[in-house]
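For reference, the structure is listed below as structure tokens.
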Amino acid sequence: MSLLEIDSVTLKFGGVTAVNNLSMRVEEGQVFALVGPNGAGKSTVFNLISRFYTPVNGSITFDGKDVLKMAPHEVPNLGIARTFQNIELFHQATVLQNLLVGRHRHRQTNMIAQMLHLPSVRAEERAHRHAVEEVIDFLDLQPYRNSRIAGLPYGVRKVVELGRALASKPRLLLLDEPASGLSVEETQNMRWWIDDIRRQMGITVLMVEHDMGLVSKVCDRVLALADGAKLAEGTPAEVQSHPKVIEAYLGTNAVSKGGKVA
Amino acid sequence: MEVLQLLISGLANGCVYGLIALGFVLIYKATEAVNFAQGDFMMLGAFVTLGLVNPEYAGIPFWLALPLVFIIMGLLGYLLDIVVLRAVFGQSQVAVIIVTIALGFVIRFAVGEIWGHEPQSLRSPLALGDVRIGDLVLGLADIAVIIVTLIMTLLLWQFFQHTKMGLAMQAASQNQMAAYYMGIPVKRIQGMVWALAGIVAAVAGILYASKGALDPTAGFIGIKAFAAAVIGGFGSLPGALLGGLIVGVIEPFAARYLPPGWSQIAPYALLIAVLLFRPHGLFAQVRAKKV
């Protein structure tokens, strides 16, 4: 059984078919990328997994559990965390506070104990703080620990969002364009982090990404989408040289010239 | 001495304004809508207490009635969100404003029908009479109101700083989408905010009724509380309380030291001044970024 199984899922917005009979399997420990031109339905797949949309048919299971039976707020409890293309942070809060919200699903003490701030609550808080500090060390966020998000540059916010997702200790991490808007250097860092997230933390990663350089360096498996349907699936090299993929990106002429998607 | 007397009665009034203003801000932060019925919630909370406690009605001992009042007002807030406000979910702000204004009318009418329109007084354990110290006359009710408000503020502080639900409320008010993906049931949390606003209104109502007579038009002080919330910076909980205290203190001083009639307009004059010179309020959390 694969960790994440998507089976013949279709989603329509009115007359537009956003995702068309898509099936895919993400194995535990993989770094899996969804690629494709703008509007291909990559982010929509993420929104389906996180229950923002409900498909017209098909099934999505995570670790054997039916994801489609869950409410959006129950998905994180399965161990699925995500980041967003346009960064969704708590802007009036500090980096530390944002990461601590990532621990929300692990808070267990009851409200009365929390109001009284009993020793059990304090012990739990210390454990959460400890977990968050590990993430801060991992992502080198120490200089920003107590900065408000509203005053931070884009590149740092992107890392904070990744940190918040990691703080929830997920089994599957959904990264929506982790390298978009980042400098060459920041993209390089992102690459090492994704490698370490898989190797050291044992977290499975599913990402949407346009930067094929990054994809070919960190991913084991790539699925190319166009118009909501699967074009090709395989290793990064296989997908990049697949004629249908080249056609979708560059047009039919490029195929005859033996082009390759950069 | 006179100054101290004015200050204490002003602070006591200000506490009631502040608690209503707190209700405004709670709802605003959670749903980005202004609940213009918050003053009438306060009045309703006071009448529910009166109906349970006063001997001519149910006659339940005050301290037994208190949890009942909180349950009733909390439930009412929660149901209001589920039944009425979710029906206008996604509509423009104006729809919510009109719905809550209408709600105020409904509450005033219903309360008048049930308990009558004549002024009544609540058998409150806080209505303690006056105490004289030299030529200083202090209303013990005023002091009790200030103490209860302090305790309430402390409880709310603990709730928002340390409880899972309080933190979830803060998170949901800043970014609903992100809150969902942190495992926060945003809609249920919004219902809980309305419940909390109902409970805070009940406390404000009991304090109000402990200081004097109560009738169905009492909710109109919600307008002053609204001014207090704006002065404090809409969206800031401590700001709302401080705004309430400022409005409360200005009134008796304006009545004493300014020409007749000025005390009525003083809070609004301050409101206009604040809007002109510090449009985000005196204690706003969001400030324009300096460039």
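Determine whether residue B:154 is more than 8 Å from chain A (Cβ to nearest Cβ), within 18 Å of residue B:22 (Cα to Cα) and out of contact with any Ser or Thr (no Cβ under 6 Å at 6 or more places or on another chain). So residue B:154 passes the test. Among the numbered conditions (1) closer than 20 Å to residue B:78 by Cα; (2) modelled with pLDDT of 90 or more, the only one that residue B:178 does not meet is (1).
Where helices (runs of 4 or more DSSP H) fall wholly inside region B:129-189, the ranges with 2 or more residues that are over 25 Å from the mean Cα position of the chain (by Cα) are B:176-180. Taken together, B:68, B:52, B:22, B:64 contain a single residue that is buried (at least 18 other Cβ atoms within 10 Å of the Cβ) and without any contact (Cβ under 8 Å) to a residue 60 or more places away in the chain, which is B:52. When region A:85-128 is limited to residues that are touching a residue at least 60 places away in the same chain (Cβ under 8 Å) and of a type in the set (Val, Ile, Thr), the one that is nearest to the other protein chains (Cβ to nearest Cβ) turns out to be A:101. Find all pairs meeting these conditions: Cβ atoms under 8 angstrom apart; at least six residues apart or on different chains; first residue within region B:170-186 and within 7 Å of chain A (Cβ to nearest Cβ); second residue of a type in the set (Val, Ile, Thr) and outside any helix (DSSP H, G or I). That search, which allows pairs on different chains as well, returns B:171/B:184.
Per-residue answers, yes or no, for (1) touching a Cys at 6+ places or on another chain (Cβ under 7 Å); (2) among the polar types (S, T, N, Q); (3) not in a strand (DSSP E or B):
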site: A:10; (1), (2), (3): no, yes, no
site: A:28; (1), (2), (3): no, no, yes
site: A:34; (1), (2), (3): no, no, no
site: A:38; (1), (2), (3): no, yes, yes
site: A:48; (1), (2), (3): no, no, yes
site: A:59; (1), (2), (3): no, yes, no
site: A:90; (1), (2), (3): no, no, yes
site: A:100; (1), (2), (3): no, no, yes
site: A:113; (1), (2), (3): no, no, yes
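Taken over region A:135-153, the residue count meeting the criterion of being surrounded by 13 or more Cβ atoms within 10 Å (Cβ to Cβ) and part of a helix (DSSP H, G or I) is 6. The criterion of at least 1 residues that are within 21 Å of residue B:5 (Cα to Cα) and not aliphatic (A, V, I, L, M) is met, among helices (runs of 4 or more DSSP H) falling completely within region B:204-291, by B:237-257, B:262-277. If the condition is being within 13 Å of chain B (Cβ to nearest Cβ) and either more than 25 Å from the chain's Cα centre (by Cα) or within 24 Å of residue A:192 (Cβ to Cβ) (or both), then region A:133-152 contributes A:149, A:152. Of all residues in region A:61-71, exactly one satisfies the criterion of being assigned to a helix (DSSP H, G or I), under 19 Å from the mean Cα position of the chain (by Cα) and surrounded by fewer than 18 Cβ atoms within 10 Å (Cβ to Cβ), namely A:68.
To keep it simple, each residue is scored yes or no on (1) touching a helix residue (DSSP H, G or I) at 6+ places or on another chain (Cβ under 6 Å); (2) of a type outside the set (Ser, Thr, Tyr); (3) more than 30 Å from residue B:87 (Cβ to Cβ).
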position	(1), (2), (3)
B:180	yes, no, no
B:194	yes, yes, no
B:199	yes, yes, no
B:247	yes, yes, yes
B:255	yes, yes, yes
B:259	no, yes, yes
B:269	no, yes, yes
B:278	no, yes, yes
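Evaluate region A:191-201: report whether one residue or more is in a helix (DSSP H, G or I), of a type in the set (S, T, N, Q), free of Cβ contacts under 8 Å to residues at least 40 places away in the same chain and closer than 27 Å to residue A:135 by Cα. No; the residues of region A:191-201 include none that is in a helix (DSSP H, G or I), of a type in the set (S, T, N, Q), free of Cβ contacts under 8 Å to residues at least 40 places away in the same chain and closer than 27 Å to residue A:135 by Cα. Screening A:137, A:211 for residues that are assigned by TED's automatic domain parsing to the domain that holds residue A:241 and more than 30 Å from residue B:155 (Cβ to Cβ) leaves exactly one candidate, A:211.
Residue B:108 satisfies every condition listed in (1) in a loop (DSSP other than H, G, I, E, B); (2) touching an Asp or Glu at 6+ places or on another chain (Cβ under 8 Å); (3) among the charged types (D, E, K, R) except (1).
The values are calculated or read from the model by the stated rules, or taken from the named source; none is laboratory data. Quick caveat: nothing in here was measured; it's all calculated off a predicted structure. Note: ideal-geometry Cβ built from the backbone for every residue, glycine included; neighbour counts use all protein chains shown.
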